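The values are calculated or read from the model by the stated rules, or taken from the named source; none is laboratory data. From a predicted model like this one, the values you see are computed outputs, not experimental measurements. In this analysis, Cβ positions are derived from the backbone assuming ideal geometry, glycine residues included, and neighbour counts consider all displayed protein chains. Please note that ligands, DNA and RNA were not included when accessible areas were found on the heavy atoms of the full protein model with its side chains. Shrake-Rupley method; radii C 1.70, N 1.55, O 1.52, S 1.80 Å.
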Amino acid sequence: MSLTELTIADAAAGLRARKFSAVELVRAHTDAIAALNPRLNAYITTTSDAALQAATHADEALAKGEAKPLTGIPLGIKDLFCTSGVRTTAASNILKNFVPPYESTVTANLLRDGAVFVGKTNLDEFAMGSANITSAFGPVENPWKRNGDDAALVPGGSSGGSAAAVAAGLAMGATGTDTGGSIRQPAAYCGIVGLKPTYGRCSRFGTIAYASSLDQAGPMARSVRDCAIMLQSMAGFDVRDSTSVNCDVPDYSAAVGRSLKGLKVGIPAEYRAEGLSAEIEAAWQRGIEWLKAAGCEIVDVSLPHTKYGLATYYIVAPAECSSNLARYDGLRFGERVPGDTLDAMYEATRRAGFGPEVRRRIMMGTYVLSAGYYDAYYLKAQKVRSLIRRDFTESFQKVDVLLTPTAPTPAFAQGEKTDDPVQMYLNDIFTVPASMAGMPAMSVPVGLGATGLPLGLQLIGRPFDEETLLAAGSALESAAGFTHRPVIRAEGAK
Amino acid sequence: MSLDPATVRRIARLARIGIDESDLPALQGELNGILGWVEQLNEVDVEGVTPMVGTGHAALRTRDDVVTDGNCRDAVLSNAPDAVGPFYTVPKVVE
Amino acid sequence: MSYTLEGRTGTWEIVVGLEVHAQVISHSKLFSGASASYGGEPNTHVSLVDAGFPGMLPVLNHECVAQAIRTGLGLRARINLESRFDRKNYFYADLPTGYQISQFTHPIVGEGTVEIELSDGTVRHIGITRLHMEQDAGKSMHDQDPTRSFIDLNRAGVALMEIVSEPDIRSPEEAGAYLRKLRQILRYLGTCDGNMEEGSMRADVNVSVRKAGEPFRTRCEIKNVNSIRYVMHAIEVEATRQIEVWEDGGEVDQETRLFDPSRNETRSLRSKEDAHDYRYFPDPDLLPLVVEQTWVDELERALPELPDDKRDRFIKQYGIPRYDASVLVAEQAIADYYEEVAKGRDSRLAANWVTGDLFGALNRTGRSIQDSPISAQALGGMLDLMADKTINGKIAKEVFEDMLETGDSAADIVERKGLKQVTDTGAIDAAVADVLARNADKVEEYRGGKDRLFGFFVGQVMKAMAGKANPAIVNEALKKVL
């Protein structure tokens, strides 16, 4: 098997068994990036030289028997995580030359555990988007193709570059961030596993903020076990993030493959929404059968406020982003467009620096917070948010985990759904509610649809019970036997 | 609720995002589309519901009053577009 | 006497409320670990959090919360066990994140009260609306370059307490008394140094005028006044301006104004086409702040005695007049000094010496009580010499001046100069005999009924003994002989 096809778990074992070196493993990936990135555009910045150098150190550590959990494992890092000395853009013109003098906690944790970063992955500008078409560095192409159709598909978003890189073998795993579905939806579109942990599980320190009360970092990889391995490193309390929660990080890998006997799985009626494609509904039904076969008890539940999740999200997230992005003013960092006055400089800088979707969300957020409208929009949305969370809390008194589709459709083509922002927002309809409530959720690929594209199912768990997600996810994974790979991938490129 | 061009201009001004008159119709249409869509929240009864603050898993922590940071002017100025000596600069502000 | 201003149309009353920004005494900033101290090189007391770098997050300083609670307790105010931090959004060059973190909807301290005393002895209570924590901004410098302003973020993020009064103040004098009292309380508590010149305490002054018995009229806010004297002037000139506007048939606009001390006038701040719309909302990077009542109680137990309590105790314990007590508690250090002098001694005499000779000497030499050339022990030592009649009151003045100059102890000076009071009746009798012999004519006159001459004989005897004779013994000896 090619080195770019391995799972992280197998590669770590292979490295320890000296079947191949870290340099070989990393070079296989940097070569694949060199070959495929010009087409996929999954990376904004590649760091191949630094990665190969790190691989040399990894081999030394391996030789000395000092390997750590991720020693020598090549990972992609979403270009929203600040990386010390490595350009970090948030896929925005306003940060196109920004080089942070600091490392995010999540990436620092991965480095501590030996990971090798091969580059910074593309995303929707400031993580605002569901198709990775708002990046100032151009769209990412999904490595998957519809049967008999060469049209370029979107990888989902906002962590589209991470999803495409992992699917195509340009990284063994990648970090993502998820605000309303930005890990889970691209994972589903690209046929990989993506896990959004509980809000507060991974530190937000050093990760460029979109919507602070929703943003959460998480792993994206080709297997449930690989996500467990990555999350083990990424998660943990951080005194520098006041919303980070101080609770123990369990052994996530131990949860993978754990028996599901007696586990109660909730099926929320409201997710049978309009616009849910027949193939996804069928996949959902198969998932239910698999979990039943694994010993789970299936329980119908109701999350009545789910349908308001998206509208709530599109008030709360823009409101927070309008404030979070005020710091990009051309003064202390980032691009500046000169102006005669301070205000002229601000206005020119922010018009040129932000793309249309970011500008739209900033304006939307500015409006909903403005005098006279705060109560009608923001305060109302935060109350509805309480109701959405209450739905989940009540469900979790009856069941241990929820099973839903991840997205209403498989990946669509670049250029589709771009006329109307609201149509684009609907891609996140199933992922947003868990974000609004701060619950952990994971997307697992469970099969191919009618056109040959991967389909994902979503598991939603109780706060800080990522283990149940991993246990149920691994059951779905093995029942589905999902071994399909995209058309465009590292091995195929050779 | 529907935004008129003057309101769109005012929001852009508050957000310090420069706009041309020619941007206005499209922007107005998009924002009104989104606002019209979120109107669906009007049907939710939130009587007596406490707005969500935080996600309920923790209360605010504090740190000890110790100087642990700062004295890093090079880093602070490292990305400044127009630093002069130890200062950031902006177009002259007349007060 | 209530304060009023006479206009053409009648008598006007003024209504004033103050918003005082007091810089919290702490080592590090409100939400970052950078130094909060004054005087660093530009942009050195700045962390990446203060400069608002992408991904940087605020973490609350425990001591700043404690200081806000102490201050609330000192203002006899309600402490809110749950408070929140909001973002106040606006763009400005010295505001790195584009928002100030402040407690808008849920401040940590609620209603309280401050007692003030006016020069005529009137006591008034000024209501406190609230106290909240917030971040200070950085500094813009406009005179170093022809086309650019320079930005220094050393102050950005330093903790402030905003203390808002009710519109209970009715005269410039009351405003002055309120500010002095507030500063006194803050200094006692050690929560703010109250130094208005360095900007660690500044006031926004809300002023309106009305005819007696009317509801409030429109107010104007005079921003950032940085001395008590200027606050008092600003109120007067702004009230006078508003009366003119009303009496000319105009309307006072609710607006922000600046006080220009050099021209003794207020002027409108360039009104912007967009009124401020701060878009407050709860800061999602910070959860609600919850403090335990037990901690509040602990802080309360550890509070120092507050000025009003100390004044009342001084009156009772030391039997001194209210005015003297008020003067002695003006500063904690003065009160401590006085108590040390008064301990085990004549407390009224101690008060007279401290408020009289000592304050006079400090004023003359421009020193504070902390670096007084005469320590409390030294002054006490001198009072002891008076008490045991080693020196009399007149000699004491001389000894005091010597102590000021040389720093020597009273006992050493008395010894060195031979100022010990003479109580030896033999020596005094001899001097009396000598004086009477040399002034036989006056003795005749005295005996002839000119009683006033007794004082002359006392003076002559004291002079003959270089002032060191015990005045009581001299009196007695003279009476006996005459």
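All but one of (1) open to solvent by less than 20 Å² (accessible area, probe 1.4 Å); (2) more than 30 Å from A:TYR373 (Cβ to Cβ); (3) assigned to a loop (DSSP other than H, G, I, E, B) hold for C:ARG279, so report the exception by its number.
It is condition (2) that C:ARG279 fails.
Determine which member of the set A:ALA434, A:ALA471, A:ALA480, A:ALA411 is open to solvent by 10 Å² or more (accessible area, probe 1.4 Å), modelled with pLDDT of 95 or more and not basic (Lys, Arg).
After applying the criteria, what remains is A:ALA480.
State yes or no: is C:PHE150 under 15 Å from C:ASP283 (Cβ atoms), in contact with a His (Cβ under 9 Å, 6 or more places away or on another chain) and within 14 Å of chain A (Cβ to nearest Cβ)?
no
Kindly check whether there is at least one residue in region B:62-74 that is over 18 Å from C:THR44 (Cα atoms) and more than 7 Å from chain C (Cβ to nearest Cβ).
No, region B:62-74 contains no residue that is over 18 Å from C:THR44 (Cα atoms) and more than 7 Å from chain C (Cβ to nearest Cβ).
Mind checking which pairs have a first residue in region C:365-377 that is assigned to a loop (DSSP other than H, G, I, E, B) and a second that is open to solvent by less than 20 Å² (accessible area, probe 1.4 Å), Cβ under 6 Å, 6 or more apart or different chains?
Here the result reads C:ILE374/C:MET403, each pair linking region C:365-377 to a residue that is open to solvent by less than 20 Å² (accessible area, probe 1.4 Å).
Restricting to region A:377-391, name every residue that is at the interface with another protein chain (Cβ under 7 Å from one of its Cβ atoms) and open to solvent by less than 40 Å² (accessible area, probe 1.4 Å).
A:TYR378, A:LYS380, A:ALA381, A:GLN382, A:VAL384, A:ARG385, A:SER386, A:LEU387
Across region C:282-329, what is the number of residues that are in a helix (DSSP H, G or I), open to solvent by less than 20 Å² (accessible area, probe 1.4 Å) and closer than 30 Å to B:LEU60 by Cα?
2
Restricting the search to region A:74-101, which residues are crowded, with 19+ Cβ neighbours inside 10 Å, part of a loop (DSSP other than H, G, I, E, B) and more than 19 Å from the chain's Cα centre (by Cα)?
Of everything in region A:74-101, those that are crowded, with 19+ Cβ neighbours inside 10 Å, part of a loop (DSSP other than H, G, I, E, B) and more than 19 Å from the chain's Cα centre (by Cα) turn out to be A:PHE98, A:PRO100.
For region A:398-494, list the helices (runs of 4 or more DSSP H) that sit wholly inside it and hold at least 2 residues that are within 26 Å of A:THR312 (Cα to Cα) and touching a residue at least 40 places away in the same chain (Cβ under 8 Å); which are they?
Once the helices (runs of 4 or more DSSP H) in region A:398-494 are filtered for at least 2 residues that are within 26 Å of A:THR312 (Cα to Cα) and touching a residue at least 40 places away in the same chain (Cβ under 8 Å), what remains is A:421-425, A:432-437, A:466-480.
Which one of these does C:TRP246 not meet: (1) over 31 Å from the mean Cα position of the chain (by Cα); (2) over 30 Å from C:GLU63 (Cβ atoms); (3) open to solvent by 70 Å² or more (accessible area, probe 1.4 Å)?
Looking at each condition in turn, C:TRP246 falls short on (3).
Of the conditions (1) at pLDDT below 90; (2) assigned to a helix (DSSP H, G or I); (3) of a type outside the set (Asp, Glu), C:GLY449 satisfies every one except a single condition; which number is it?
Here C:GLY449 meets the rest and fails (2).
If I ask for residues that are aliphatic (A, V, I, L, M) and exposed (fewer than 14 other Cβ atoms within 10 Å of the Cβ), which ones from region C:120-145 would you list?
C:VAL123
Regarding A:LEU342, is this residue crowded, with 24+ Cβ neighbours inside 10 Å and either facing chain C (nearest Cβ under 10 Å) or over 18 Å from B:THR89 (Cβ atoms) (or both)?
The answer is no for A:LEU342.
Does C:ALA203 satisfy the criteria of being of a type in the set (A, V, I, L, M), touching a strand residue (DSSP E or B) at 6+ places or on another chain (Cβ under 7 Å), within 29 Å of C:GLY110 (Cβ to Cβ) and not in a helix (DSSP H, G or I)?
The answer is yes for C:ALA203.
Name the one entry in A:SER182, A:SER212 that is small (Gly, Ala, Ser), surrounded by 24 or more Cβ atoms within 10 Å (Cβ to Cβ) and modelled with pLDDT of 95 or more.
Of the residues listed, the single one that is small (Gly, Ala, Ser), surrounded by 24 or more Cβ atoms within 10 Å (Cβ to Cβ) and modelled with pLDDT of 95 or more is A:SER182.
Within region C:1-119, which strands (runs of 3 or more DSSP E) (wholly inside it) include 3 or more residues that are open to solvent by 10 Å² or more (accessible area, probe 1.4 Å) and away from every other protein chain (no Cβ under 13 Å)?
Result: C:11-23, C:112-117.
Looking at A:ALA211, A:ALA136, A:ALA188, A:ALA165, which one is aliphatic (A, V, I, L, M), in contact with a helix residue (DSSP H, G or I) (Cβ under 7 Å, 6 or more places away or on another chain), more than 14 Å from chain C (Cβ to nearest Cβ) and touching a residue at least 24 places away in the same chain (Cβ under 8 Å)?
Being aliphatic (A, V, I, L, M), in contact with a helix residue (DSSP H, G or I) (Cβ under 7 Å, 6 or more places away or on another chain), more than 14 Å from chain C (Cβ to nearest Cβ) and touching a residue at least 24 places away in the same chain (Cβ under 8 Å) holds for just one of A:ALA211, A:ALA136, A:ALA188, A:ALA165, which is A:ALA136.
Of all residues in region A:13-26, count the ones that are outside any loop (DSSP other than H, G, I, E, B) and farther than 20 Å from A:ALA167 by Cβ.
7
Kindly establish whether A:TYR374 is hydroxyl-bearing (Ser, Thr, Tyr) and surrounded by 22 or more Cβ atoms within 10 Å (Cβ to Cβ).
No: the conditions fail for A:TYR374.
Considering only region A:254-264, how many residues are outside any loop (DSSP other than H, G, I, E, B) and either open to solvent by 30 Å² or more (accessible area, probe 1.4 Å) or in contact with a His (Cβ under 7 Å, 6 or more places away or on another chain) (or both)?
2
Here is a yes/no grid of residues against (1) open to solvent by 10 Å² or more (accessible area, probe 1.4 Å); (2) of a type outside the set (D, E, K, R):
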| position | (1), (2) |
| --- | --- |
| A:ASP113 | yes, no |
| A:GLY119 | no, yes |
| A:MET128 | no, yes |
| A:THR134 | yes, yes |
| A:PRO139 | yes, yes |
| A:LYS145 | yes, no |
| A:ALA151 | yes, yes |
| A:PRO155 | no, yes |
